[in-house]
1. Here are the criteria: (1) more than 30 Å from Glu191 (Cβ to Cβ); (2) among the small types (Gly, Ala, Ser); (3) buried (at least 21 other Cβ atoms within 10 Å of the Cβ). Tell me which single one Ala373 does not satisfy.
2. From Lys54, Lys92, grab the single residue that is outside any loop (DSSP other than H, G, I, E, B) and touching a helix residue (DSSP H, G or I) at 6+ places or on another chain (Cβ under 7 Å).
3. Considering each of Ile290, Ile301, Ile339, Ile330 in turn, give the residue that is under 24 Å from Ala249 (Cβ atoms), in contact (Cβ under 8 Å) with a residue 60 or more places away in the chain and out of contact with any Cys (no Cβ under 7 Å at 6 or more places or on another chain).
4. How many residues are touching a helix residue (DSSP H, G or I) at 6+ places or on another chain (Cβ under 7 Å), aliphatic (A, V, I, L, M) and assigned to a helix (DSSP H, G or I) if we restrict to segment 57-89?
5. Could you tell me how many of the residues in segment 149-161 are in a loop (DSSP other than H, G, I, E, B) and in contact (Cβ under 8 Å) with a residue 24 or more places away in the chain?
6. In segment 125-171, what residues are near the ligand (Cβ under 7 Å from one of its atoms) and within 22 Å of Tyr101 (Cα to Cα)?
7. Name the helices (runs of 4 or more DSSP H) wholly within segment 1-45 that hold at least 1 residues that are within 20 Å of the chain's Cα centre (by Cα) and aliphatic (A, V, I, L, M)?
8. Among the residues of segment 364-373, write down those that are within 9 Å of the ligand (Cβ to nearest atom) and modelled with pLDDT of 95 or more.
Amino acid sequence: MPKQLYLNHAQLNAEINRCLNCKNQPCMKACPAGCNPHDFIQYAKNNDFDKAVKAITQANPMGQTCGLVCPDKFCMKACTRANIDFSINIPKVQATILEKYRCNNKKTNITYNNKKVAVIGAGPAGMAAAEKLANNGFRVAVFEASDKIGGALNMIPNNRLPFDVIEKDWKFIAQNELISLHLNAFVANPEHLLQKGFCAVIVASGEPNCIDLGIEGEEYSISYLDYLKSPDSYLSSGNIAIVGGGAVATDCAVTARQNGAENVEMFIRRRICDMRITEEERKSLIENNIDLTTMTKIKKISKTNGKLVLYTCKTHFVNGKLEEIEGTTIQRPNFDMLIKAIGSSAPKCNDSENIFYAGDCKHGGSTVVEAVASGKDVAQKVIESF
Ligand SMILES: Cc1cc2nc3c(=O)[nH]c(=O)nc-3n(C[C@H](O)[C@H](O)[C@H](O)COP(=O)(O)OP(=O)(O)OC[C@H]3O[C@@H](n4cnc5c(N)ncnc54)[C@H](O)[C@@H]3O)c2cc1C
């Protein structure tokens, strides 16, 4: 069954009417981007959807995207309603309000302050930084290496985050005429942009490198980056192995299964309870019949007659540290593809004069809302410096 992205009218009313109108607004305090669900829910209750939309978008220019993909560890975890029954599905309420009630108007009343800033990367951190700077009078040029906006958001499967939602958030941001977007514009060196007259450069280039397994036979594996960028160009049947137990590995597993793989098995070094995934992601693993092989490490990959053989061993905790159990290596034959999804990395980045870093390239793999918060923070630094 297709995933229901938004609430219908009755569901929206039911959700917002469960809000307890808490005085101390824990939901707002838990949002990295400083969005205030208490306020937008109260506006929605009063049928003032213009104000509800403003309350969301002023704090979070990527509000609809975050509404669809925010994990439950922020506002939902803080929601007081959970003490009675269960948390309000705040992200879904947010996404629904924007989907139904947002209308964009060109922002024409902002005066250009004669200062230009370059932003490298049109992912959530770069987009949020651009929006904040342009709203404060800076002319902002966003340089994006690829041919589309969104960065890592484009790897989130379409059934969780359709591309048109990313576009809707970008259209809202780009209402400000001080922003220009340059696609297919790889920037090799941020210093060059300073020499071209930009007073500051914000680098929001994400984490472009998939972490390797570091084992014999690595060449038979596919990185999650390559796979999720275009799953349709890979095998859509057979037995697929996924290495990793996080949210990205989960996306790979579910995508492979929905694309037609007969069996999808995740190899995870730790326990099920150590998997850093949301309840919804857990549910999707079960609904898609994904096998989980936990406390297991892949030590080597080989290929025989076109099929992959995985050499696995069991792991256990010794004084809190994960170690291999000697003598437990076995061969697991008959795999058609192996996708590695054990994390990503970026080259080290430290701020230097008038060059500032934001988002995942600075803080490591995070979430969209944290990347937005980081972009806003860095934009604020630039605003205060010039
Ligand atoms: C499969 C997957 C699923 C995810 N699921 C979720 C989820 O459900 N919920 C959630 O909150 N988060 C999720 N995330 C994490 C989230 O997408 C990232 O944390 C977020 O996109 C990071 O934003 P960013 O702007 O820092 O970097 P990115 O989104 O990586 O954007 C960086 C951009 O910079 C561009 N760039 C890089 N170098 C250059 C250069 N030299 N010149 C020009 N452009 C350049 C890149 O092309 C890219 O477009 C997921 C990530 C992945 C990979």
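1. Of the numbered conditions (1) more than 30 Å from Glu191 (Cβ to Cβ); (2) among the small types (Gly, Ala, Ser); (3) buried (at least 21 other Cβ atoms within 10 Å of the Cβ), the odd one out for Ala373 is (1).
2. Every option except Lys92 fails the conditions.
3. Selected residue: Ile301, the only one of Ile290, Ile301, Ile339, Ile330 that is under 24 Å from Ala249 (Cβ atoms), in contact (Cβ under 8 Å) with a residue 60 or more places away in the chain and out of contact with any Cys (no Cβ under 7 Å at 6 or more places or on another chain).
4. Going through segment 57-89 one residue at a time, the tally reaches 4.
5. Matching residues across segment 149-161 total 7.
6. Arg160
7. 26-30
8. Thr367, Val368, Val369, Glu370, Ala371, Val372, listed by residue number.
The values are calculated or read from the model by the stated rules, or taken from the named source; none is laboratory data. Everything numeric in this text was worked out from a predicted model, so none of it was measured. Methodologically, a virtual Cβ is constructed for each residue, glycine included, from the backbone with ideal geometry; neighbour enumeration extends over all protein chains shown.
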